[in-house]
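First comes the structure, then the notes that go with it.
Each reported figure results from applying straightforward, stated rules to the coordinates on display, with no laboratory input. What you see is a predicted model, and the numbers here were worked out from it, not measured in a lab. Cβ placement follows ideal geometry from the backbone for every residue including glycine, while neighbour counts extend to all protein chains displayed.
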Amino acid sequence: MLPAAGDPYFKLKSCGYLEAGKQAGYEVNIYDAGGYGNLDRQVSQIQDVIQRKVAGIVLVPASSDGTVPAVEQAIAAGIPVLNDGIATHSEKVTGFVGEPSYVMTELLASYVVDKLGGNGEVVMLSGPSGLDLTKLRVNGFKDYLAKFPKMKVVAEKFTSTASAEALNTMQDFLQSHPHVTAVYTFNGPIAIGAVQALRAAGKKPGEVLVVTTDMEVETERMIKEGWIQATVVSQPVTMAKLAVEHAINAVEKKPFPKTELTQASMITMTNVSDVDLSGQECGK
């Protein structure tokens, strides 16, 4: 169950889900809510598979709070629900596989502070609201910046993960804050939109620092070209495979960890060709 299966990040996850299911002899079906704003559609999809009596559910919730009733309904029906990457706010959830989100964006903030000498104006394109993942990423970044009085967050907006919306938001930020020196973005598609706005404004690569999380083909290219200065990756394919494996273990009454976090890696232009990216490669 994915909130936005068309995002490059979730395409990687889908591949991981399918591979893990095939290896274990289980059929895996991918459901797409069509966007983080489509909570009602995702809830309807969960209710549908409850009626179909599936063996288990791996859920990336479109809302951490909004999916609680449907998730608890599934669990009451004897169907284990594993959260992958984003948590549903219910103690009844069967298990969680995720990333060290807070630490990941602390690393990004540390990079920004170091590059700017502890003095700069930062804008934040913080991603979808209503997700614990968003909150952890935002807080990790802001809490670290707060240690440096001359680092100021001058604008922030929560957005969808569409590059076009990020482009428009970044253009507004540049008009309101022409002296911005760094941009935090929730993920790759948002970073791409921010870079497009910087290009349109006549900025050169690296003139404004852009940092993000996760990495797909386009963001990797932008790192190599110097438009994106840093990202932190969290091994989405590994996470997807673990989520399916844990769901199967729950179905088969086998032990598995209630919570498991993958390891994060910082990637910049200097190490992009050397970092082990096997945790986010699929079909190889």
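Computed quantities for the displayed model
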item	result
Within segment 30-107, trypsin sites (Lys or Arg not before Pro) in DSSP loop having at most 13 other beta-carbon neighbours inside 10 Å	Arg52, Lys53, Lys92
Normalised contact order of the chain, rounded percent, pairs of Cα under 8 Å and 6 or more residues apart	20
Alpha-carbon centroids, segment 121-158 and segment 183-254: separation in whole Å	16
Computed over segment 101-233: relative contact order in percent, which uses C-alpha pairs under 8 Å that are six or more apart	26
Coil-residue trypsin sites (Lys or Arg not before Pro) of segment 188-255, DSSP, other Cβ within 10 Å capped at 16	Lys203, Lys253
Percent RCO, i.e. relative contact order, over segment 1-121, from Cα pairs under 8 Å lying at least 6 residues apart	20
Cross-link partners of Lys224 among aspartates and glutamates (Cα-Cα below 18 Å; sequence separation of 8 or more within a chain)	Glu207, Asp214, Glu216, Asp274, Asp276
Cα gyration tensor category, rounded, prolate or oblate, for segment 86-206 with a/c compared to 1.5	oblate
13 Å Cα-Cα reach of Lys22 towards aspartates and glutamates, excluding residues that sit fewer than 8 places from it in its own chain	Glu245
Gain upon complete extension [Ala55, Val154; 0.36 nm per residue less C-alpha separation]	30.8 nm
Reach of Lys204 by Cα under 14 Å, taken over aspartates and glutamates that are not fewer than 8 positions away in the same chain	Glu225
